[in-house]
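The values are calculated or read from the model by the stated rules, or taken from the named source; none is laboratory data. No experiment lies behind these values; they were computed from the predicted model shown. Neighbour counts are summed over all protein chains in view; Cβ atoms, including those assigned to glycine, are modelled from backbone coordinates with ideal geometry. Accessible surface is based on the protein model in full, side chains and every heavy atom, while ligands, DNA and RNA are left aside. Shrake-Rupley method; radii C 1.70, N 1.55, O 1.52, S 1.80 Å.
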Amino acid sequence: MSNSSFNSAKSRNPENGYVTIDSDPEKTDRTSAGDTEFLELEAILPTLASQLPDAPEIEQLKAWKQDLGWLSTLRQASRVLMAAIAPETFRVTYANDYFCRFFGMESTSTGFLHQEITLFDLFSNLEEAKVRQWYRRHLLYQFLRQRYAIDCQKPDYIEEPITLSVKSALHPEPRSIQFWLNSHGLKVSFADAIADNLSNLSNLSNLSNLSNLSNLSNFLPSSLTAEKTSESQWSDPEQLESLVKNITPDHYRVNGFLLLEAFDVTIEKQMQQIIQMLTGRESILKPEGFRQLDRAMRSLFRADKTLFLSAEQDPARLFSKTESQKLSVISYSRESLQGSHFQQAADSHQISHIPDLRLDAPTECDRQLLESGICSLLLLPLVIDIGHHDNKNNGKNQQTMGLVGLASNQPNHFHQMDLHNAKQLISPFTVALRQALQQRTTSFNNIHPSVEARFVEEAERRSWGLPPEPIVFKNVYPLYGISDIRGSSQERNRAIQKDLLAQYELGIKIVEAVCESQKSDLVQQLRLDLLEQIEHLKEGITVDSEVTATEYLQNNLEIYFDYFAECSASAAEAVQAYTEACANEHQCVYQARARYDETLNQINQCLRETWESWQEKMQKIIPHYCDIECTDGIDHMIYAGKSIDADFCLFHLRSLRYEQLKAVCDCARTAFKIQQNYDTQLQLTHLILVQDTSLDIFHDEKTERLFDVGGTRDTRYEIVKKRIDKGVDQRSQERITQPGMLTLVYSTNKEWEEYQKYLCYLSRDGWVESKIQYGNVEPLQGVTGLKFARVRVLP
């Protein structure tokens with residue numbers, strides 16, 4: 001190679017002294033080669049050094065070759081993902097070997113790529129608009145540094161990395177990649193047309209003139225002046241961000257490349273995900289939580305199976321997932337686990353690594369694991385501190401509650417990094433275990449004490465990952481009663497009507513005041529419309545009147561209040577009176593309804609207190625389930641039987657029935673007092689539904705109720721319960737429930753004979769009159785053959 005050839009192959013850059021290697025023009029265009037010459041230099045240095053005679057330049061080339069040798073190692077052996085990205089197009093022009101292998105790209109010996117691949121092809125979930133915004137921030141940062149030597153503080157949004165999930169040719173599952181873009185390889189200057197306009201500006205003090213240049217109006221804010229310009233102002237993130245929004249990339253010449261540096265942070269993300277699962281509110285030992293944790297653990301440790309050993313009780317239970325994704329549970333007595341790898345890990349309170357189970361399977365449990373295909377194990381003991389102290393353990397007494405096991409079908413599968421990651425997970429696992437133990441009694445909310453034990457038992461089963469089992473109480477006797485406010489809907493309708501009429505009258509006063517101050521046909525028509533609406537309201541209201549009547553005022557009257565208030569002083573006063581009357585959370589006149597709501601709440605509260613005082617006495621007879629609901633009155637549902645309390649017998653059942661009658665009579669007496677104390681016309685009726693046959697109840701987690709009934713026979717009882725308070729006498733067609741009276745509804749003579757005695761007892765004790773009214777209930781939809789008996793409750 002001649003000297004002339006050498007001189008044609010290189011030239012000096014007068015600004016920075018770099019050697020620029022001439023190359024294929026197409027390649028130069030593909031790589032945006034403003035500053036990538038040092039990458040190509042690596043490829044041609046050996047040829048240049050071997051063919052040129054000794055000369056100072058040859059020695060310099062040899063020195064460069066030695067200095068740049070580390071670049072070749074960096075490109076070939078680095079575990080950091082590195083690539084050069086062309087500005088504007090975001091095309092990947094150069095990448096190290098690991099980057100190419102990771103994304104399955106073809107690479108060359110120099111690292112330059114011939115494929116047309118952009119950043120968005122590699123990161124499919126990367127938002128292009130966000131990247132271009134990021135790019136404009138880099139442009140501004142480098143422009144201020146290079147053009148005006150302003151050393152502004154690099155904003156956090158430039159330094160902050162982006163983490164994305166990507167597909168990799170090296171891994172079967174998506175990987176989490178964290179990457180940065182570095183813009184130090186960019187040369188940023190004004191485009192030629194704008195640079196000509198700047199020929200008369202020589203330093204930063206002339207920056208105040210920039211805002212007068214139309215070509216720069218999209219770059220610098222007009223408020224910027226020479227006096228205000230300072231490095232501290234340029235370092236203000238808000239100042240820089242306002243400039244970024246106005247950047248027009250076409251105004252700048254950009255040479256060079258963006259450097260992308262990325263790391264595979266999948267393991268760190270998986271660790272964070274697992275720790276979040278373990279320390280979250282929901283127990284990870286519930287079925288769905290266990291499945292999610294199993295997937296995450298197997299992915300992190302490349303394991304074939306996750307095991308969980310419950311060591312709290314004897315026998316211990318080993319939980320794992322089968323190939324069909326079902327939960328497998330095997331019980332082992334503590335005696336049979338003596339000497340096992342599980343027992344050794346539990347006793348040591350430390351992580352135990354079994355590299356090859358084939359060489360050491362001392363117990364039946366170990367041998368069963370080996371027969372299932374497991375060859376290596378990693379065991380994490382879950383240890384908690386228990387209440388009392390032990391001087392041998394620094395004042396703490398520790399107990400192993402369980403072990404988490406990671407299993408692989410390959411021997412020597414787990415390495416030192418796996419042990420390190422497992423050690424970090426012991427503390428979060430222990431927190432999750434403690435939380436699971438606490439949730440045994442809180443998995444089901446608002447559970448009645450009489451049935452709590454069964455719910456706690458089911459919560460405990462689920463805490464270990466077992467599939468749910470139905471919570472059923474068989475052969476329980478129902479005792480249902482209701483104290484209903486008669487005519488509460490009509491009373492509320494009257495309150496609604498009264499409030500609406502009051503509000504419309506206030507509206508009429510506004511319109512009449514406006515009519516007195518000016519003549520307006522539109523206002524006159526509005527007045528007639530309001531009068532027509534008032535007449536409709538006086539006739540009565542419908543279901544939707546409360547909403548539609550108020551909306552009418554909002555859309556046809558209130559929208560003119562600003563104008564009406566300026567018409568005259570009297571109109572302004574009328575508007576103010578209307579506004580003040582509606583100044584509440586409902587934004588309408590709500591006086592009559594407020595009194596109704598207060599009275600209804602007082603009635604419900606008094607009835608509830610009365611019933612609860614009787615419930616305390618009834619629970620002493622025999623523990624039983626009782627649920628009450630307060631709406632327009634109060635209704636109660638009692639279930640009693642051997643499946644709730646094993647000591648239950650016929651005497652308890654009849655005692656509860658008699659006490660139920662007395663409790664409802666007392667609620668009737670409470671209603672009498674309410675009518676006197678609150679001066680209300682609301683009256684209460686009282687009913688008890690009799691059923692002598694038992695039924696089965698079960699807990700359905702999909703419904704709001706704690707219990708539902710099962711079976712056709714039991715469903716009939718629920719139908720009657722929902723419809724009976726509206727039942728009528730088949731002969732007189734009047735309601736079977738009457739104010740101040742207790743109504744019993746029954747089906748058979750046997751039921752009546754029992755309750756007839758109870759009515760005699762109540763009459764003897766002064767609760768009810770001795771006179772009993774009888775009748776048949778008009779057939780309900782799907783229910784026939786019901787009868788009723790009715791007595792008046794004494795004050």
### Query
If Glu532 passes every condition in (1) buried (at least 17 other Cβ atoms within 10 Å of the Cβ); (2) more than 17 Å from Ala581 (Cα to Cα); (3) at pLDDT 90 or above but one, which one does it miss?
(1)
### Message
Condition first: within 31 Å of the chain's Cα centre (by Cα) and touching a residue at least 60 places away in the same chain (Cβ under 8 Å). Now tell me which residues in the stretch 88-138 satisfy that.
### Response
Gln133
### Message
Just to confirm my filter: which helices (runs of 4 or more DSSP H) fall fully inside the stretch 94-154 and include at least 1 residues that are modelled with pLDDT under 80?
### Response
128-148
### Query
Is at least one residue of the stretch 274-284 at pLDDT below 80 and of a type in the set (Ser, Thr, Tyr)?
yes
### Query
Can we say Glu127 is touching a His at 6+ places or on another chain (Cβ under 9 Å) and open to solvent by 80 Å² or more (accessible area, probe 1.4 Å)?
no
### Query
Just to be sure, is Leu522 open to solvent by 80 Å² or more (accessible area, probe 1.4 Å), out of contact with any His (no Cβ under 6 Å at 6 or more places or on another chain) and modelled with pLDDT of 90 or more?
yes
### Task
Go through the stretch 555-593 and count every residue that is open to solvent by 70 Å² or more (accessible area, probe 1.4 Å) and part of a helix (DSSP H, G or I).
11
### Query
Which is assigned to a helix (DSSP H, G or I), closer than 15 Å to Thr306 by Cβ and modelled with pLDDT under 80, of Ala436, Ala432?
Ala432
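Residue check: is Phe698 at pLDDT below 85 and in contact with a Pro (Cβ under 6 Å, 6 or more places away or on another chain)?
Criteria met by Phe698.
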### Query
So which of Leu318, Leu300 ends up being within 33 Å of the chain's Cα centre (by Cα), buried (at least 21 other Cβ atoms within 10 Å of the Cβ) and either modelled with pLDDT under 85 or not in a loop (DSSP other than H, G, I, E, B) (or both)?
Leu318
### Query
Counting just the residues of the stretch 94-123 that are polar (S, T, N, Q) and closer than 20 Å to Lys167 by Cα, which one comes out least open to solvent (accessible area, probe 1.4 Å)?
Asn96
### Message
Taking the conditions exactly as written (part of a loop (DSSP other than H, G, I, E, B), crowded, with 20+ Cβ neighbours inside 10 Å and in contact with a His (Cβ under 8 Å, 6 or more places away or on another chain)), does Ile638 satisfy them or not?
### Response
no
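Could you look through the stretch 641-676, keep only residues that are free of Cβ contacts under 8 Å to residues at least 40 places away in the same chain and part of a helix (DSSP H, G or I), and pick out the one that is farthest from Tyr480 (Cα to Cα)?
By that ranking, first place goes to Gln676.
Does Glu769 fit the bill of being within 25 Å of Ile674 (Cα to Cα), at pLDDT 90 or above and open to solvent by 40 Å² or more (accessible area, probe 1.4 Å)?
Against the criterion (within 25 Å of Ile674 (Cα to Cα), at pLDDT 90 or above and open to solvent by 40 Å² or more (accessible area, probe 1.4 Å)), Glu769 qualifies.
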#### Entry: So Thr548, is it loosely packed, with under 15 Cβ neighbours inside 10 Å, of a type in the set (Ser, Thr, Tyr) and assigned to a helix (DSSP H, G or I)
yes
### Task
Could you figure out which of (1) under 38 Å from the mean Cα position of the chain (by Cα); (2) without any contact (Cβ under 8 Å) to a residue 24 or more places away in the chain; (3) under 23 Å from Glu491 (Cβ atoms) isn't true of Asp679?
(1)
### Task
Go through (1) in a helix (DSSP H, G or I); (2) of a type in the set (A, V, I, L, M); (3) under 28 Å from Arg486 (Cβ atoms) one by one and return the number of the condition Val523 breaks.
(3)
### Of the criteria (1) open to solvent by 80 Å² or more (accessible area, probe 1.4 Å); (2) at pLDDT 70 or above; (3) not small (Gly, Ala, Ser), which one Pro411 fails
(1)
### Considering residues of the stretch 757-766 that are surrounded by 15 or more Cβ atoms within 10 Å (Cβ to Cβ) and not hydrophobic (A, V, I, L, M, F, W, C) only, the residue farthest from Met741 (Cα to Cα)
Tyr758
### Task
Could you give me the residue pairs with C-beta distances under 7 Å whose first residue belongs to the stretch 766-779 and is part of a loop (DSSP other than H, G, I, E, B), whose second residue is modelled with pLDDT of 95 or more and open to solvent by 70 Å² or more (accessible area, probe 1.4 Å) wherever it lies, and which are 6+ apart or on separate chains?
Glu769/Arg792
### Task
Output the residues belonging to the stretch 616-635 that are open to solvent by 20 Å² or more (accessible area, probe 1.4 Å) and either assigned to a helix (DSSP H, G or I) or more than 16 Å from Arg657 (Cα to Cα) (or both).
Glu616, Lys617, Gln619, Lys620, Ile621, Ile628, Glu629, Cys630, Thr631, Asp632
## Note on the structure
When the stretch 357-366 is checked residue by residue, the ones that are part of a loop (DSSP other than H, G, I, E, B) and open to solvent by less than 20 Å² (accessible area, probe 1.4 Å) are Thr363
### Query
Scanning for something at pLDDT below 80 and charged (D, E, K, R), does the stretch 463-481 turn up at least one residue?
yes
### Query
Quick one: Asp597 ticks every box in (1) in a helix (DSSP H, G or I); (2) in contact (Cβ under 8 Å) with a residue 12 or more places away in the chain; (3) within 30 Å of Ala549 (Cβ to Cβ) bar one, so which box is it?
(2)
### Task
Select from the stretch 489-506 the residues that are in contact (Cβ under 8 Å) with a residue 40 or more places away in the chain, open to solvent by 10 Å² or more (accessible area, probe 1.4 Å) and of a type in the set (S, T, N, Q) and write down the one among them that is farthest from Ile628 (Cα to Cα).
Gln497
### Selected residue [modelled with pLDDT under 95, over 23 Å from Thr737 (Cβ atoms), over 46 Å from the mean Cα position of the chain (by Cα) and hydrophobic (A, V, I, L, M, F, W, C)] from Ala574, Ala583, Ala592
Ala574
### Query
Here is a list of conditions, (1) open to solvent by 10 Å² or more (accessible area, probe 1.4 Å); (2) of a type in the set (A, V, I, L, M); (3) modelled with pLDDT of 85 or more, and Ile374 meets all of them except one; can you say which number that is?
(1)
